[in-house]
Amino acid sequence: MYHEKAQNAVDRLLTQKDVTILAIESSCDETAAAIVKNGRQVLAHSMYTQIAIHAEYGGVVPEIASRNHLEKLPYVVEDALRQAGMTFQDVDAFAVTAGPGLVGALLTGVSYAKAAAYAAGKPLIAVNHMEGHIAANYITFPELEPPFICLVVSGGHTEIVHAMGYGNYQLLGSTRDDAAGEAFDKVARALGLKYPGGPNLQKLAEEGDPYAYEFPKSFRGEKHLDFSFSGIKTAVINLLNTMDMRGETYRRADVAASFQRTVTELLVKNTFLAAQRTGLNQVAIAGGVSANAALRKAAQEEAEKRHMQLYVPKLLYCTDNAAMIGAAAYFELKKNALAAPLSLNADPSMDIDLA
Ligand code: KG4
Ligand code: ZN
């Protein structure tokens, strides 16, 4: 009964001029809700970050993350509705991150969203978190339209995709081992930096010489556009251990800056190669690591050199947030026109929707 009604509502939304979606994100350590109009316009945005809680443990503790999502979700949703001056009845649909992410964390959001959609008698749209990251660019750049190349770099993923249409992707390259964000986090920990590693490493690197050390780069000049970061990470950790053992002094900032430069060069090189090979001149970056200033700068320089257009989300929408989920949900709705069933489950290893 509910599902039939929800599916009918989706069919009506396909022809409706404006579609307003209330989106929920809880895949990792940010509890977020947002209200987004037509996939581009953020009407409200609320977020509770658990960073301070997990910092004590040096990383995200899944069980603690789930419990905090459960506690904070009602408040971020209420806050988003208050900001927009809306009630559940004023939104056209609900959206939620169904995967990939931490299973318990995802489940809190999925359960909440199912209950809300059911209570309001509105459709629910299941969103892939990585497609959400890509869609963050549609918010920052209202004029951006596919096709474009997108480098998606987060704590768990590193992929180069060809966005052929809205929600329509082809995978051109990915990491064979660590994700870029994971490498940042592990090297940050070896440097004695606190969680979250990426932003803290960036801060330290600002005082260092990016050319002080050379670290090995894997897959240089290969035909494929894959990445490997574990070799660089191991080289940095070995360097730090050797120096410690010999009692040599090393400038941690130089190590951080050299590591950041190496990873950035690899990411930028393969991404623009992908653009060149596909004949596209629009390049986007998305995901938590797209907040990195060195990466943004290097990508901008490369884009200018090649006369290409670079798109990087506003900092607020680089790391996990619900606005990007609301944006992706709109395009998902337009593409697949499917209301999620009440049996929707969290899928911790959900793949991006490939063509
Ligand atoms: O997209 P995100 O917020 O969560 C996931 O979906 O994983 O990405 C988090 C990742 C972490 O590895 C974090 O260290 C990294 O993004 N990150 C950064 C920066 N800000 C976040 N890495 C380098 N520099 C940054 N400024
Ligand atoms: Zn993310």
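In this structure, the amide hydrogen of residue 173, modeled 1.01 Å from its nitrogen in the peptide plane, lies closer than 5 angstrom to those of 160, counting only residues at least 5 positions away or on a different chain.
Descending by average beta-carbon neighbour count within 10 Å, the peptides 122-131, 52-61, 35-44 line up as 122-131, 35-44, 52-61, the highest first.
Determine the calculated [θ] at 222 nm for the chain from helices alone, applying -39500 (n - 2.57) to every DSSP H run no shorter than 4 residues and normalising by the residue count; nearest 500 deg cm²/dmol. All intermediate terms of the calculation are to be shown ahead of the outcome.
On the way: 11 runs with 161 residues, N = 355.
For the chain, the value works out to -15000 deg cm²/dmol.
3J(HN,Hα) couplings calculated from phi for the stretch 2-7 with the Karplus curve 6.51 cos²θ - 1.76 cosθ + 1.60 (θ = phi - 60°) are, in sequence order, 4, 5, 5, 5, 5, 5 Hz; Gly and Pro show x.
When the convex hull of its Cα atoms is viewed from all sides, the chain shows a mean projected area of 17.5 nm².
Label sites at residue 51 and residue 118, each approximated as a point 7 angstrom past Cα along Cα to Cβ, lie 3.6 nm apart. For the stretch 342-351, backbone phi angles converted through the Karplus equation (6.51, -1.76, 1.60; θ = phi - 60°) give residue-by-residue couplings of 5, 7, 3, 10, 6, 10, x, 10, 3, 8 Hz, Gly and Pro being listed as x. Measuring how big the stretch 63-191 is from its alpha-carbon positions, Rg and Dmax come out at 17.3, 51 Å.
How large a share of the accessible area of the stretch 144-283, in percent, is made up of carbon and sulfur atoms when the probe is 1.4 Å and the other protein chains stay in place? The nonpolar share, carbon plus sulfur, comes to 48 percent. Of interest is the spacing of the C-alpha centroids, which for the stretch 62-108 and the stretch 278-355 amounts to 20 Å.
Could you tell me what % of all Cα pairs in the stretch 216-355 have separations over 21 Å? The proportion of pairs with Cα distances above 21 Å equals 60 percent. Counting only Cα atoms, the stretch 278-354 measures 49, 26, 21 Å along its principal axes, largest extent leading. According to the Kirkwood relation over distinct C-alpha pairs, the hydrodynamic radius of the stretch 257-317 is 11.7 Å.
Considering only DSSP beta bridges whose two residues both sit in the stretch 1-126, what percent are antiparallel, to the nearest 5?
65 percent
Note that the stretch 1-67 shows a convex hull volume over its alpha carbon atoms of 109 Å³ per residue.
The values are calculated or read from the model by the stated rules, or taken from the named source; none is laboratory data. All figures in this text were calculated on a predicted structure; none of them were measured in a lab. Note: ideal-geometry Cβ built from the backbone for every residue, glycine included; neighbour counts use all protein chains shown. Heads up: the accessible areas ignore ligands, DNA and RNA and are worked out on the full protein's heavy atoms, side chains in. Shrake-Rupley method; radii C 1.70, N 1.55, O 1.52, S 1.80 Å.
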